[in-house]
Amino acid sequence: MRRVIGIDIHRIFGEVVFGEDGRLRPAGRVDMTRSALENFGRSLTKEDEVVVEATGNAMAVVRVLTPYVARVIVANPTQVKAIAYARIKTDKIDAGVLAALRAADFLPEVWLPDANTERVRRLVARRNQVVRHRTRIKNEVHAILHAHLIPPCPHADLFGRLGRAWLGRQIVPADETAAIARHLRELDRLGEDLAVLDREIAQGAVDDPAVKRLLTVSGINLTAAVGLVAAIGDVSRFASPQKLASYVGLNPRVRQSGLGLAQYGRISKQGRAHARAMLVEAAWTAAKTPGPLRAFFLRIRARRGHQVAAVAVARKLAVVCWHLLSKNADYHWARPALLAHKVRAMELQAGLPEKKGNKRGPAYAYNVKELRDREIEVARHAERAYERFVTGWQPRGTRTRRTGAAIEERR
């Protein structure tokens, strides 16, 4: 019989329970330090399996214990809670539940990324934190102006050169002036941090074919492409595009019982929230860009509104990303000049040297208005083709359930 060790990990300690021969045996606590975990790992064998729940320090525990055991498994805490709900909850019970579920081969596991994917995920998460911090600071400046009845800035960017000059001429109390100056200094510092993070992200993506493949989709920029590739990891772990849409929480909730109709609700929002946010942001950009995705957005918006349409396009983008990555193919309606412009911008952001000389690179075509307009016209043609394709769609006819009641028509 294999031995399974469940550890309910916390910030400073982990509760250990051994599962062996169908019995659970508490084994005390182990400190959440590298030396303590290494000593604990030496007491185990190469045939043992360790189970922990996904939390902030779970990956560190995995890295320390992996050399000493057969396998370290990370469990999905949400699904574990749904499977093994108990009114009495203690650390020993939680650790025992992990060991028992693994021993019964009923443990919902979490996919473990490799070291590089984990590093890119951290970079993308830190960049998101910096961007959110900048947004909060900008909102505070806008709140100060609003509190003193100052009209909106006439310039496009309040925090650009012209906007800051206009901001310095506004009359506000001395303490508010000091607060605005403090916020502007913080914005400058965060801008420098953001530039460093962008360079690190670009350096890791410049030779990644998966990132370049996602850049072929209009609406997906470098940050979104890198974030999606890091979130997806090995695309082969998703058997279908619906699995990927479910992973990022863009699948609808479904409720059905007995002979009743299946009720489809809002999206589940279960899974990687940051990847879902990037897909929605890319969807808004795709909705403004000529092409089939824009036609799809307009069709959904006419029936359900722009918010639902944006989420629908985000789900469509998740499906497109699955097909591109799993089939090693570029987006069919890619714009070559725009793609070359994106790739060259990524190379410059990564710190690659500028190319000087009389020979123009492929990114130069994006600066030629005639070529750029020609690509846009091709995209508009694809958009019109999609509109003609869906024009002939008809609502489904009514059908009856076993009870004899008619089912309402659905598109």
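The values are calculated or read from the model by the stated rules, or taken from the named source; none is laboratory data. These numbers come from a predicted model, not from an experiment. Backbone-built Cβ (ideal geometry, glycine too); neighbour counts: all protein chains shown. Only protein heavy atoms, including side chains, enter the accessible area calculation; ligands, DNA and RNA are left aside. Shrake-Rupley method; radii C 1.70, N 1.55, O 1.52, S 1.80 Å.
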Residue hits (the range 113-134; in a loop (DSSP other than H, G, I, E, B) and under 16 Å from the mean Cα position of the chain (by Cα)) are Pro113
Going through the range 131-164 in order, the residues found to be surrounded by 15 or more Cβ atoms within 10 Å (Cβ to Cβ) and in contact with a Gly (Cβ under 9 Å, 6 or more places away or on another chain) are Arg134, Cys153, His155
| said: For the range 368-383, check the following and say yes or no: at least one residue is at pLDDT below 90 and among the β-branched types (Val, Ile, Thr). | reply: yes
Check your understanding: Just wondering, is there one or more residues in the range 70-87 that are exposed (fewer than 15 other Cβ atoms within 10 Å of the Cβ) and within 18 Å of Arg11 (Cβ to Cβ)?
Key -> no
Does any residue of the range 174-182 turn out to be out of contact with any helix residue (DSSP H, G or I) (no Cβ under 7 Å at 6 or more places or on another chain) and not in a helix (DSSP H, G or I)?
-> no
Residue set Arg182, Arg121, Arg213; condition in contact (Cβ under 8 Å) with a residue 24 or more places away in the chain and more than 22 Å from Glu347 (Cβ to Cβ); output residue Arg121
Asp193: passes all of (1) in a helix (DSSP H, G or I); (2) open to solvent by 70 Å² or more (accessible area, probe 1.4 Å) but (2)
Those residues of the range 346-360 which are surrounded by 12 or more Cβ atoms within 10 Å (Cβ to Cβ), part of a loop (DSSP other than H, G, I, E, B) and either over 24 Å from the mean Cα position of the chain (by Cα) or basic (Lys, Arg) (or both) amount to Leu352, Lys355
Can we say Leu250 is open to solvent by less than 30 Å² (accessible area, probe 1.4 Å) and either without any contact (Cβ under 8 Å) to a residue 60 or more places away in the chain or not small (Gly, Ala, Ser) (or both)?
yes
Checked the range 143-164 for anything among the charged types (D, E, K, R) and either touching a Leu at 6+ places or on another chain (Cβ under 6 Å) or outside any loop (DSSP other than H, G, I, E, B) (or both); matches are Arg161, Arg164
Of (1) over 20 Å from Leu222 (Cα atoms); (2) among the small types (Gly, Ala, Ser); (3) in a helix (DSSP H, G or I); (4) at pLDDT below 90, Ala309 fails just (4)
Filtering the range 64-88 down to residues that are over 20 Å from Leu107 (Cβ atoms) and basic (Lys, Arg) yields Arg87
Exception for Ile171 within (1) under 23 Å from Ile150 (Cα atoms); (2) open to solvent by less than 40 Å² (accessible area, probe 1.4 Å); (3) outside any helix (DSSP H, G or I) falls at (2)
Taking His306 as the residue in question, decide whether it is in contact (Cβ under 8 Å) with a residue 24 or more places away in the chain, within 26 Å of Arg253 (Cβ to Cβ) and either among the acidic types (Asp, Glu) or open to solvent by 30 Å² or more (accessible area, probe 1.4 Å) (or both).
no
The correct count of residues that are among the aromatic types (Phe, Trp, Tyr) and under 25 Å from Thr391 (Cα atoms) in the range 300-334 is 2
Notebook entry, point to check: Just a yes or no: is a residue in the range 325-333 assigned to a helix (DSSP H, G or I) and either modelled with pLDDT under 90 or in contact with a helix residue (DSSP H, G or I) (Cβ under 6 Å, 6 or more places away or on another chain) (or both)?
Noted result: yes
For helices (runs of 4 or more DSSP H) lying entirely in the range 1-101, having 3 or more residues that are in contact with a Cys (Cβ under 6 Å, 6 or more places away or on another chain), farther than 25 Å from Arg272 by Cα and aliphatic (A, V, I, L, M) picks out none
message: Could you go through the range 108-124 and let me know if any residue there is exposed (fewer than 13 other Cβ atoms within 10 Å of the Cβ), charged (D, E, K, R), out of contact with any Phe, Trp or Tyr (no Cβ under 6 Å at 6 or more places or on another chain) and closer than 23 Å to Leu324 by Cβ.
response: yes
Taking the range 291-345 and keeping only residues that are β-branched (Val, Ile, Thr), under 16 Å from Arg213 (Cβ atoms) and over 20 Å from the mean Cα position of the chain (by Cα), one is left with Val343
Residue hits (the range 44-68; within 23 Å of the chain's Cα centre (by Cα), of a type in the set (Val, Ile, Thr) and crowded, with 19+ Cβ neighbours inside 10 Å) are none
